[in-house]
Every structure is written in C-alpha cells, then in structure tokens.
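Readers should treat all values here as calculations from the given coordinates under stated rules, not as data from a laboratory. Small disclaimer: the values here were computed from a predicted structure and weren't measured. All Cβ positions, even for glycine, are placed from backbone atoms using ideal geometry, and neighbour counts span all protein chains on display.
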Amino acid sequence: MELAWYALLGLFFASYLVLAGYDYGVGLSLARNADPGRRRAALNAVGPFFLGNEVWLVAAVGILFGAFPVLEGELLSGFYPVVLGALAGVILVTAGVQLRSRPAHERVRARWDRVVVVGSTLAALGWGALLAGLLQGVPRHADGHITGLTHLLTPFVAAAGLATVALVAVHGATFLTLRLPAADAAGAGRLARRLVPVAIAAVGAATVVGLLSTRVRETAQRPWIGVLLPVVLVAALLVARVALARRRPGVAFAATGAALALPVVLVGATLWPYALVSTVDSGASLTVADAAASAPTLRLLGWLALPLVPALLGFQLMCWWVFRGRTDGRAPVYW
C-alpha cells in the first residue's frame, strides 16, 4: 500500500510540474517580450488553465501530509529554503498574473510582468533544487533530524535547478505554439527550437556533475536508472525539436511534458526503497515504508481519494476541452 501511495504522490507532483511548468515557462517568456501586446497575448493563452494547474500541487501536498507525515516533516526541516523559495515563486506568479489585469498604466503592468518573471524563475529553481537535494542525499542523523543546509549548497543542486529552468522555458514556449494565433505561434516555435539545445546542454551538464558527485553516486540505489533516464530525457527534447521543425506542436508539447516529468521518476526510482538516504549514517536513512502513515490511515485516505482523483482528472480534461484550440478560435495541428 505504501508503494501505491508513493507512486500516487510522484504522479501528482510530476503532473504539477508538467502542467504548471508551462505556466512558468510562459512567465519566463515575458522577459524577452518588449511588446506589451505580445506579453498580454502570452498570458491570455495560459490564463484559462493557470489556477487549475496549481490544484495538482495542493493535491500532492495533501498526499504528503496525510500519507507520509514523517517525510513531510523532514522535507520542511531539511529543505525549507528551496521549498519556501519555490512557494514564494508560485505566490508571485499568481499575484502578478491576477493584479496586472486590473485597470492600470502600462508601466504598472510591466512591473507586474517582471514579478511574474521572477516568480517563474524562483518556482523552477526551487523545485529543481528540491529534486536534486533528494537525489544526492541528506545529512540525517540517528535521532531522525537533518542538520544544516550545506547539502543544498552543492554544484549538483545548482546545475539541476538551472536545468529545470531551461526545461520549463522550452515547455512554455512549446505551449504557446499550440495556443497563440498562427502568425504569433511561428515566433514561439522559433524560440522553442532555439531553447531546446540550451535545455539539452543544461541537462547534460547536470548529469555530468551528478556522475562526478560522490554524494550522488553513494546515494543512488540503482545508478543505471540515473544514467538511463537523462538519456531518455534528452531524446524527448530531440523529438520536440524535430516536431517543432515539422510544425507538429502537439507532439512537441507531449515530448517537453515528458521531459519535465522524468526527473520525478528518476528520483523515485533511483532512491527506492528509500525516501531519504542519509549521507552521514546509513542506519538513519528513511524508507518509504517508515515514512508512511499507518495502514488504517492509508486505507481511510484511499476511500477519500477514490472519488477525488477521478474528479480532479475530469476537471482537468474538461478545462482542456473547453479551452482547446488557439486564442483566435482556430484549431492547431496537433499531430
């Protein structure tokens, strides 16, 4: 039962990264758009999906609190700078998107757009750093406490955070090729194609830094997964670039979405059966079974989740169906 809930936690967090990832990617694209009309068009493209995408983070946090209370405590105590940074980014993006739409001078809207850019960067950096910190292990002692924050100040954490920013940027630009009017989507497609090599270089750099890191090598329970999945991730980005060149934005969007979901799979599969691996005391490593709540609690949560999960999926599908197509009312070529 612990495995099922752990997989569900990973699924929800991966879904959040994929769905909210294009929100943040669109937010990052505002940094290079000097034209207020183009910035407004980009935000209008993502507007109908924005708040619905954040629901997946709420659902993932709910599973973490209910099904894995021990892990939740360790994450908040051992990773609070990056978690707070990521959540601050989410709040800034939400506030910026909502407040810029109120009647105001164009200069005021431009300032809120900069807030959105900063928030998008913080969110992507924070979640990437969190995954990297989990993958390289934590200084957890026999008393069950993580000491210090130096485990977050490593080259691997920095490289993984920057790689996540690059992946989010590609994903957001690819999303705009689906949603913007055809004339504007061409520019977004060119931007996405230029960003793919940057993302591949960032992922490659993070992989090399990870392979050279003693912490990562000693923490990984299945090192071959840590090598295989980055290769698959790069392959997904190459598929996205080819699809963009052939004007198949739906294929490209699916590929960049897979690229954003793969880091979550990598962390979970590489560390299993552990949720946290201690770098100072192997006996202090926290297994998924030890991190989970009691069996009766998990069964009770299962009955609660049974109607909620289909409802959440149905809401997401309905949102995509209602607001399908481009913002000018035309349907894109998906495949």
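The table that follows gives values for the structure above.
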read-out	value
Hydrodynamic radius by Kirkwood, which averages 1/r over all alpha carbon pairs of the chain, in angstrom	20.4
³J(HN,Hα), Karplus 6.51/-1.76/1.60, whole Hz, each residue of region 262-273, x for Gly, Pro	4, x, 5, 4, 4, 5, x, 6, 6, 8, 3, x
Fraction of alpha-carbon pairs over 16 Å apart in region 1-45 - percent	52
Sorted largest first, extent of region 1-150 alpha carbons per principal axis (Å)	57, 33, 22
Amide H within-cut-off set for A293, under 5 Å, with H built and near neighbours excluded	F68
Convex hull of region 112-155 built on C-alpha atoms - directionally averaged projected area, nm²	3.9
10 Å-binned pair-distance histogram of region 140-273 (Cα, whole percent)	13, 38, 27, 15, 6, 1, 0
Using distinct alpha-carbon pairs, which all enter the 1/r mean, Kirkwood radius of region 17-89 in Å	14.2
Fully extended contour minus Cα-Cα distance, from F65 to L87, at 0.36 nm per residue	6.3 nm
Share of pairwise Cα separations in region 182-245, more than 16 Å, in percent	54
D (Stokes-Einstein, µm²/s), Kirkwood Cα radius, region 39-79, 0.692 mPa s at 37 °C	270
Tilt relative to the chain, helix 2-29 - C-alpha long axis, 0 to 90 degrees, to 10	30
Whole-percent pair-distance distribution, where bins are 10 Å wide, for the alpha carbons of region 246-324	14, 22, 33, 21, 8, 1
Peptides 167-179, 198-210 ordered by average Cβ neighbours within 10 Å, highest first	167-179, 198-210
Normalised convex hull volume, region 72-225, alpha-carbon set, Å³ per residue	141
The chain: angle of helix 182-212 to the longest principal axis, Cα-based, in degrees nearest 10	20
Angle in degrees between helix 295-322 and the longest Cα principal axis of the chain, rounded to the nearest 10	10
Karplus (6.51, -1.76, 1.60) ³J(HN,Hα), θ = phi - 60°, over region 249-255, in Hz, Gly and Pro reported as x	x, x, 5, 4, 5, 4, 5
Distant-in-sequence amide H partners of T287 (H built 1.01 Å from N, under 5 Å)	A275
